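Worksheet: the structure to be examined is printed underneath.
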Amino acid sequence: MFGDIALAVPAAIVFLGVLIFIHELGHFMCAKLVGVKVERFSIGLGPSMYARKFGETEYILAAIPFGGYVKMLGEDTSLEDVGQEDVEPPSEADLERAFDRQPLWKRSSIIIMGPLFNIVLAFVIFSALFASSGQHSYSLPEITEVQEGSPAEAAGIKPGDMVLSVDGGDVDTWTDMSVALQLAGKRPIDLSIDRNGELIEITLEPVVMIVNTPLADNQEKLVIGVRTTNIITEEIGPLKALSLGFDETITQGTLVFKVIGSLVKQLIPAKSIGGPIAIFQMAGKSARQGAVEYLAMMAIISVNLGILNLLPIPVLDGGHLVFMGIEAVRRRPLSERSMINAQKVGIALLLTLMVFATYNDIVRWITGQ
């Protein structure tokens, strides 16, 4: 147990540190590119452990590794600055480079570049992993084995059947089918099957099975009792690796919205939401499995971080973009009071979600599920 923790902690710190650095680097580089003065670039929050000023920007490594920020001239001081010394008062010339004095296109570009850099990082990692392997393996949703006494057997599914869709959503690979089953929830689902050229519609209800996945142990998984043994392996070159990396990035990004939709529809339980402890566990387990698994998990979390940051919630990048959209329509910004109140609501929502996710983590840790 202590060995697992000893690996999980540094693995998670490096994991999160890279993702936060890339996110903030996106904001930082865009701000520099469009001429906005960046006063501070911090990896971590709270008191400074190391600080060095190069040019007009102070670079900081702070004590709390779970966060980071880019402080631009013209931005309001926030909790991010707690533990830091005040920067020098701006000159009149500097004020022209303040963030809040820039046109909308510059401000929105700076905001969106953080999430975009996370998504690009995922694309780079996925592409590099495909290129380094030189192969791409996958399975078609063709059933080769049906387990005795399973929902699939009871519904009349037979070896050789090819699954075309799950609840009306097309599936092209075995992975597509497995993901669709998990998102459908424990309820009757409709399968469209090709059996020797004949289209067959089947309704069945998955059952819950406790399994150990590559990322976590004792996880609930919905199964129908089928397997495939047909694995297709293709040799790939650099261009195909880039194409597959792009496809995987899109797939993982789309999956974020599908999961949110299933949570809203209560098709998957809210207890499945994970928090910081879950991230520690996933980072530790993937690190134990090797560099490929660790980097793949980093890419998946990076996509999630990028997409979730674009949600229209105040305090997130997506919330800032909403404010700017309203400003574009009204031709003037929202009042300071309105934005402060919206920020308070956003903080309350995120804190509530964090507490709930951490509670789920603790329950799973104690019960082993």
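The values are calculated or read from the model by the stated rules, or taken from the named source; none is laboratory data. All values derive from a computational prediction rather than experimental measurement. Neighbour counts run over all protein chains shown; Cβ positions are idealised from the backbone, glycine included. When the accessible area is computed, the model is the full protein with side chains, heavy atoms only, and any ligands, DNA or RNA have been set aside. Shrake-Rupley method; radii C 1.70, N 1.55, O 1.52, S 1.80 Å.
Laid out as a table, the results:
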item	result
Inter-label distance, nm, simple model (7 Å from Cα along the C-beta direction), residue 135/residue 101	6.0 nm
Rounded accessible area of residue 101 (nearest 10 Å², 1.4 Å probe)	130 Å²
Amide H within-cut-off set for residue 72, under 5 Å, with H built and near neighbours excluded	39
Using a Förster distance of 56 Å, the FRET efficiency for residue 54-residue 154 (Cβ separation, nearest 0.05)	0.25
GNM flexibility winner over the chain from 116, 321, 349 (Cα, springs under 10 Å)	349
Extent along principal axes [Cα atoms of region 86-162; Å; largest to smallest]	78, 33, 26
Helix-only mean residue ellipticity at 222 nm for the chain, each DSSP H run of n ≥ 4 adding -39500 (n - 2.57), per residue, nearest 500	-17500 deg cm²/dmol
Count of lysine pairs in the chain with Cα separation under 17 Å (8 or more residues apart, or interchain)	15
Radius of gyration and Dmax over the Cα atoms of the chain, both given in Å	23.8, 78
Nearest-20 debye value, the chain charge dipole, Cβ charges on Lys, Arg, Asp, Glu	780 debye
Net charge of Cβ neighbours under 14 Å - reference residue 121; Lys, Arg +1; Asp, Glu -1	-2
Helix runs (DSSP H) in the chain reaching 24 Å along axis by Cα, Kyte-Doolittle at least 1.0	2-33, 104-133, 291-309
Highest-MSF residue in the chain out of 359, 138, 69 [GNM, Cα springs under 10 Å]	138
The chain - percent of accessible surface contributed by carbon and sulfur, probe 1.4 Å	63 percent
Charge context of residue 225, other residues only, Cβ under 13 angstrom, K/R +1, D/E -1	-2
